[in-house]
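Below is one structure, written out as structure tokens, with a few remarks after it.
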Amino acid sequence: MRGFAALLRKDLRVELRTLRSLPAMALFAVTTFVIFRFGLDRTSLDGELASGVLIATLLFAALLAVNRLFVAEREEGGFDLIRLAPIDRTQLFAAKASALVIYLLALELVAVPIFALFFLDSAEGLLPLALILLLANVGLAATGTLISTIATMSSARDLLAPLILLPLLVPLVIAAAGAGEHLLASGGPDYGRFGTWLALLGLYDSIFLLVGYATFDFLLED
Amino acid sequence: MTPLLAIESAELYVAGAYLVFLLLLLIYVAIMAAKLQRIQRELRSLAEFAESPRGRRDLGRVREREGRIESAREGAQR
Amino acid sequence: MARALSLITLRRLAIATVAVLAAGYALAFFYAPEDADQGFIQKIFYLHVPLATVALLGFMVAAVHAIRHLQTGDPIHDARAYVSIHISVIFGLAVLLTGAIWAKGSWGIWWEWNEPTLVSFLIVFLLYATYYPLRYAVEDRDRQARYASVFAITAGAFVPLNFLAVRLAEPLIHPRTFSSAGGLPGSMLFAFLVCLAGMALLWVTLIWFELDAKRASGDLGRIRRALEATA
């Protein structure tokens, strides 16, 4: 438990001090919104278009975070230190995944209000959407940490991580966009299949947290 | 499309699907055949090397070494 | 049981495969009746669905081999996982192509986003297609095998979840599925099961074939290295 807290604290402290990833992710998201405004030639969005633009933008910004998850370890040789330290390697998985969730939350705290400002007529559906996004963040963190670890130790890592990760994230996109389509509907939020999407997200999170917990050790052996 | 053409085209599509499957299978066989040819070629060159006087000498050394390893292992087991 | 298993050789397996496939497709075309709704185009069902079923099972088998590889560290399990995924990806390609032809024949379009099985398969195919660049990008052989195994396990867990998710994404009205609603009449079911058995045998035969070829290549490499070492 102590190893987990220490690792997480280190990551967050480094990020807060150097601000390597978060501002770039937020900027990327906002710029992408502008691109969508012109790409779709729309100034206001609702329903499935709003949901799609928001989820896709958050997804690609998240890929930036995933790519940079282990950049500190790579540059400063941190992996060897962790291998030698007497902590359960699964704690590294938990710490990295938690850091990723926190980065994604920080991103969403900036990007979602700006999205609402740019495109939405009413902010009614945003709170339940936040719950959906939180669950999706956890799922993304689980698979993202796994794939980021694999990609980090290989060549062509910047290309490999998104390539492998994107198909894996399709169920999350289906759930988040499916919920968003109804929550951001023009006539006001509709909770029709909200429970279904929550359940799908919960299932995805459980399965991939389990897979990560079971297999992460094998990724760090040398 | 008139109904008559529709029936004919259904058969075409079914034939097309099964043909695609057979084609993939044949392509696979062709690739494996190429691999097999490569293995055969290398086997032949290794056989020639083993039969050449120099190869015989090396094989003799290999067999000698293997014999020594075997007896060492037997000795360790006993 | 072990003695019975040792009677299975690649040649016998291949012969059995051809026999069962021939029987299955003879049944499909001459015994099973033509589908009342779809007509003759439905005959693709006996090709497309067995291919899909066997491909998906193949990915599951690969995940099991991968688990065993991580547990034991024995590279033979990694080889089996690799070959299982390789053959299943090829089967998957056949699924997508036959599915597109079936869509064109049924609805006049080469692709149908509302067909949940086809779409799920596309996603699964796209995922497993990354297996090759993944292996290629990791040079150290042991690490490559381990990473590949973690991938195979992750992807294996992903497959059923993905099918569920895509099915949930369907609009509640107007999903366009290949299979007609309701169960299959007995004769169709029988023909289908024989075709399924044939495809499964084909899969195992190809796996065995690939593993044999790999082993031969590997042995050749060992001979070459041993001879060069003494030179």
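The values are calculated or read from the model by the stated rules, or taken from the named source; none is laboratory data. If you're wondering where the values come from, they're calculated on a predicted model, not measured in any experiment. Heads up, the Cβs are rebuilt from the backbone with ideal geometry, glycines too, and the neighbour counts pull from every protein chain shown.
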### Query
Right, A:LEU63: out of contact with any strand residue (DSSP E or B) (no Cβ under 9 Å at 6 or more places or on another chain), of a type outside the set (Gly, Ala, Ser) and outside any helix (DSSP H, G or I) or not?
no
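Conditions tested, residue by residue: (1) touching a Pro at 6+ places or on another chain (Cβ under 8 Å); (2) farther than 21 Å from A:PHE93 by Cα.
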{"residue": "A:MET153", "(1), (2)": "no, no"}
{"residue": "A:ASP158", "(1), (2)": "no, no"}
{"residue": "A:LEU165", "(1), (2)": "no, no"}
{"residue": "A:LEU168", "(1), (2)": "no, no"}
{"residue": "A:VAL173", "(1), (2)": "no, yes"}
{"residue": "A:GLU181", "(1), (2)": "no, yes"}
{"residue": "A:PHE194", "(1), (2)": "yes, yes"}
{"residue": "A:ALA199", "(1), (2)": "no, yes"}
### Query
Is it true that some residue in segment C:167-174 is surrounded by fewer than 22 Cβ atoms within 10 Å (Cβ to Cβ) and either farther than 22 Å from A:VAL170 by Cβ or under 20 Å from the mean Cα position of the chain (by Cα) (or both)?
yes
### Query
So A:LEU210 clears everything in (1) more than 9 Å from chain C (Cβ to nearest Cβ); (2) surrounded by fewer than 24 Cβ atoms within 10 Å (Cβ to Cβ) except one condition, right? Which one?
(1)
### Query
Within segment A:6-46, restricting attention to residues that are modelled with pLDDT under 85 and among the small types (Gly, Ala, Ser), which residue is farthest from A:ARG89 (Cα to Cα)?
A:SER21
### Query
In this structure, is C:PRO50 more than 18 Å from C:PHE209 (Cα to Cα), touching a residue at least 40 places away in the same chain (Cβ under 8 Å), more than 10 Å from every other protein chain (Cβ to nearest Cβ) and surrounded by fewer than 18 Cβ atoms within 10 Å (Cβ to Cβ)?
no
#### Entry: Residue selected from segment C:157-171 under the condition over 20 Å from C:HIS48 (Cα atoms) and more than 9 Å from every other protein chain (Cβ to nearest Cβ), by the criterion modelled with the lowest pLDDT
C:PRO171
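On the basis of being closer than 15 Å to A:LEU133 by Cα and in contact (Cβ under 8 Å) with a residue 40 or more places away in the chain, does A:LEU165 make the cut? Don't jump to the end; show me each part of the working.
Numbers: closer than 15 Å to A:LEU133 by Cα: no; in contact (Cβ under 8 Å) with a residue 40 or more places away in the chain: yes.
For A:LEU165, the condition - closer than 15 Å to A:LEU133 by Cα and in contact (Cβ under 8 Å) with a residue 40 or more places away in the chain - is not met.
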### Query
Which condition does C:ILE76 not pass, out of (1) buried (at least 21 other Cβ atoms within 10 Å of the Cβ); (2) over 15 Å from the mean Cα position of the chain (by Cα); (3) more than 14 Å from chain B (Cβ to nearest Cβ); (4) not small (Gly, Ala, Ser), if it passes all the others?
(1)
## Note on the structure
C:PHE91 vs (1) over 14 Å from C:LEU201 (Cβ atoms); (2) under 19 Å from the mean Cα position of the chain (by Cα): all pass except (1)
### Filter pass, A:THR90 being part of a helix (DSSP H, G or I), within 14 Å of chain C (Cβ to nearest Cβ), over 17 Å from the mean Cα position of the chain (by Cα) and closer than 29 Å to A:PHE4 by Cβ
yes
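In the list C:LEU13, C:LEU27, C:LEU57, which residue meets the criterion of being modelled with pLDDT of 95 or more, part of a helix (DSSP H, G or I) and within 19 Å of C:CYS195 (Cα to Cα)?
On the way: C:LEU13 fails: modelled with pLDDT of 95 or more; C:LEU27 fails: modelled with pLDDT of 95 or more.
Answer to the check: C:LEU57.
Rundown of residues vs (1) within 15 Å of the chain's Cα centre (by Cα); (2) free of Cβ contacts under 8 Å to residues at least 60 places away in the same chain, yes/no style:
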| residue | (1), (2) |
| --- | --- |
| A:LEU40 | no, yes |
| A:ASP46 | no, no |
| A:ARG74 | no, no |
| A:LYS96 | yes, no |
| A:ALA99 | yes, no |
| A:VAL110 | yes, no |
| A:PHE115 | no, no |
| A:SER122 | no, no |
| A:LEU135 | yes, no |
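If only one of C:ALA62, C:ALA94 is assigned to a helix (DSSP H, G or I), modelled with pLDDT of 95 or more and under 26 Å from C:TYR25 (Cα atoms), which one is it? So that I can check it myself, show each step before the final result.
Numbers: C:ALA62 fails: under 26 Å from C:TYR25 (Cα atoms).
Of the residues listed, the single one that is assigned to a helix (DSSP H, G or I), modelled with pLDDT of 95 or more and under 26 Å from C:TYR25 (Cα atoms) is C:ALA94.
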### Query
Can C:ALA62 be described as farther than 16 Å from B:ALA17 by Cβ and among the small types (Gly, Ala, Ser)?
yes
### Qualifying positions in segment C:85-119 - under 20 Å from C:GLY39 (Cα atoms), of a type in the set (Phe, Trp, Tyr) and either crowded, with 23+ Cβ neighbours inside 10 Å or facing another protein chain (nearest Cβ under 9 Å) (or both)
C:TRP102
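Results for (1) at pLDDT below 90; (2) over 21 Å from the mean Cα position of the chain (by Cα); (3) facing chain A (nearest Cβ under 9 Å); (4) outside any loop (DSSP other than H, G, I, E, B), shown as yes or no for each residue.
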site	(1), (2), (3), (4)
C:PHE151	no, no, yes, yes
C:THR154	no, no, yes, yes
C:GLY182	yes, yes, no, no
C:LEU196	no, no, no, yes
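I'd like to check something: does segment A:172-179 contain any residue that is β-branched (Val, Ile, Thr) and surrounded by fewer than 16 Cβ atoms within 10 Å (Cβ to Cβ)? First the steps, then the outcome.
Initial filter on segment A:172-179 (β-branched (Val, Ile, Thr)): A:173-174.
Add one more test, that the residue is surrounded by fewer than 16 Cβ atoms within 10 Å (Cβ to Cβ), and what stays is none.
No, segment A:172-179 contains no residue that is β-branched (Val, Ile, Thr) and surrounded by fewer than 16 Cβ atoms within 10 Å (Cβ to Cβ).
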### Message
Conditions first: (1) more than 16 Å from A:GLY180 (Cα to Cα); (2) under 19 Å from the mean Cα position of the chain (by Cα); (3) in a helix (DSSP H, G or I). A:LEU69 passes all but one, so which condition is the exception?
### Response
(3)
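Filtering segment A:1-60 down to residues that are assigned to a helix (DSSP H, G or I) and among the acidic types (Asp, Glu), which residue is farthest from A:ASN137 (Cα to Cα)?
From segment A:1-60, those assigned to a helix (DSSP H, G or I) are A:2-18, A:22-40, A:47-60; that's our starting set.
Narrowing the set further to residues that are among the acidic types (Asp, Glu) leaves A:11, A:15, A:48.
Working: A:ASP11: 18, A:GLU15: 18, A:GLU48: 20 Å.
Ranking the qualifying residues of segment A:1-60, first place goes to A:GLU48.
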